[in-house]
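Read through the structure below, which is laid out as structure tokens, and then see the notes.
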Amino acid sequence: MSQSEPATGPASSARPRNLSRLLTMTHREGPQSRAALTRRTGLNRSTIGGLVAELSARGLVSETGPAGSSGVGRPSPLVAATDTVAALTVNPDIDAVTVGLVGLGGVVHKRVRYPTGGSLSADEAVNLVAALVAGMRSELDTRFSVLGVGIAVPGLVERGSGTVTLAPHLGWRDEPFGDRIAAATGYRCTVANDARTALLAEAWFGAGRGRQDFVYLNGSASGIGGGIVAAGQPVLGRHGYAGEFGHRVVHPGGEPCHCGRVGCLETEVRRDRLLAAVGLDDTSAEQLPAALAGDHAPGVAAEIDRQLGWLAQGLSDVITALDPEAVVLGGFLADLAEASRGRLQELVRHTGFAALAADVEVVSAALGPDVLTIGAAELIVADLLADPQAYPLARPDGDQRLR
Ligand SMILES: [Zn+2]
């Protein structure tokens, strides 16, 4: 992008792209001064002024008073993404349905977990979500501009259709879950696999920030999922299934997996076994990180060591295939790695193909329990970032609701 490119006229082809760049920067990286936006984009000041004015007229950003005068010249106002432009989020899992509301900038306004005492059928989940959204409706209508509903599901989700092809732990097969939530709530919906959703959140707001090539593995009650970022972009695969690292065979003599194979990473590296080793169960699972920290009884140490060994083996194969700069671990995998600090990195170095594994960083995910909520919102916000001009201009009364 050169400064001489005519980017200010409404007919300019550069304008939609520049609006997208500016909104994406303020959304993912927080409030920025006009001076910083000018410097970082290479556009001139009046072009930036025009772009900010348009995003502001559309209600997507606001200027929040001058930044400090640390630089040279006049202080520049901060341009911030509007956090009342928001996405609803839904995450059905085996023991609860979590509903959230996330504004631009990754601001989590709400995240409520509704325990279900077991996994719900798709019908039951649709009815529950419809009732919860109906309960939030007056608050949503008066305070927020809702872009749609982002949905993270623990299972295979077909790219494009959003059909949940198979969610073994929920017992769902070929469920058009997104279409059904859209029909029940009146909002546009986008559905994706939960680990791929978490990957987006960690990529833009968490441990992957600033990294171009990394893999993400998340461990949950229902197994191990993952995702890939290559050259700064998520890798989805033809159907959207890329990154199912949990079904890499690491132990051919191990236990049978629901996928039909034997000794998959997720049958060997398991939260329930760690819980049992430290005397906890599903209902007290939130105590696992504390129970794994500090000194371990011999039985616990042996289980940690055993699981770290299989995890290192699985990671080494992933590293050999993808040559990432980092491996980001979420959920109980992060707790497992931190239970024996430095050990996993050392195992990866020894197990892996040296030239590739030697300097790969193994780090914990950064977003904690908000990760799926922030990621599911990104599924919806992505369309707005790609084309801010598709978002309606604010009406004269200031009402920007989409409905
Ligand atoms: Zn498997």
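At a glance:
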{"item": "Accessible carbon and sulfur surface of the chain relative to its total accessible area, %, 1.4 Å", "result": "51 percent"}
{"item": "Relative contact order for the stretch 215-275, counting Cα pairs under 8 Å that sit 6 or more residues apart, in percent", "result": "28 percent"}
{"item": "Nearest 10 degrees, 0 to 90: helix 371-386 Cα axis against the chain principal axis", "result": "40 degrees"}
{"item": "Fraction of beta bridges assigned by DSSP in the chain that are antiparallel (%, nearest 5)", "result": "65 percent"}
{"item": "Two-site label geometry, H109 and H350: point separation in nm, points 7 Å out along Cα→Cβ", "result": "5.2 nm"}
{"item": "Charge dipole (debye, nearest 20) of the chain; +1 at Cβ of Lys and Arg, -1 at Cβ of Asp and Glu", "result": "1500 debye"}
{"item": "Descending Cα extents along the principal axes, the chain, whole Å", "result": "66, 50, 39"}
{"item": "Length gained when the stretch A130-R261 is fully extended (0.36 nm per residue, less Cα-Cα span)", "result": "43.4 nm"}
{"item": "Within the chain, helix-based [θ] at 222 nm, where runs of 4 or more DSSP H residues each add -39,500 (n - 2.57), nearest 500", "result": "-12000 deg cm²/dmol"}
{"item": "Solvent-accessible area per residue, Å², over the chain with all protein chains present [probe radius 1.4 Å]", "result": "43 Å²"}
{"item": "Nearest 10 degrees, 0 to 90: helix 194-205 Cα axis against the chain principal axis", "result": "50 degrees"}
{"item": "Rounded tilt (10° steps) of 14-29 against the dominant C-alpha axis of the chain", "result": "50 degrees"}
{"item": "Rule-of-thumb Rg ratio for the stretch 209-366 [Cα; 2.2 N^0.38 Å; N residues]", "result": "1.00"}
{"item": "Value of relative contact order over the stretch 209-366, rounded to a whole percent, pairs C-alpha under 8 Å and six or more apart", "result": "24 percent"}
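The values are calculated or read from the model by the stated rules, or taken from the named source; none is laboratory data. Just so we're clear, the structure is a prediction, and the values are computed from it rather than from any experiment. For neighbour counting, all protein chains shown are included, and Cβ atoms are generated from backbone atoms with ideal geometry for every residue, glycine included. These accessible areas exclude ligands, DNA and RNA; they are computed on the full protein's heavy atoms, side chains included. Shrake-Rupley method; radii C 1.70, N 1.55, O 1.52, S 1.80 Å.
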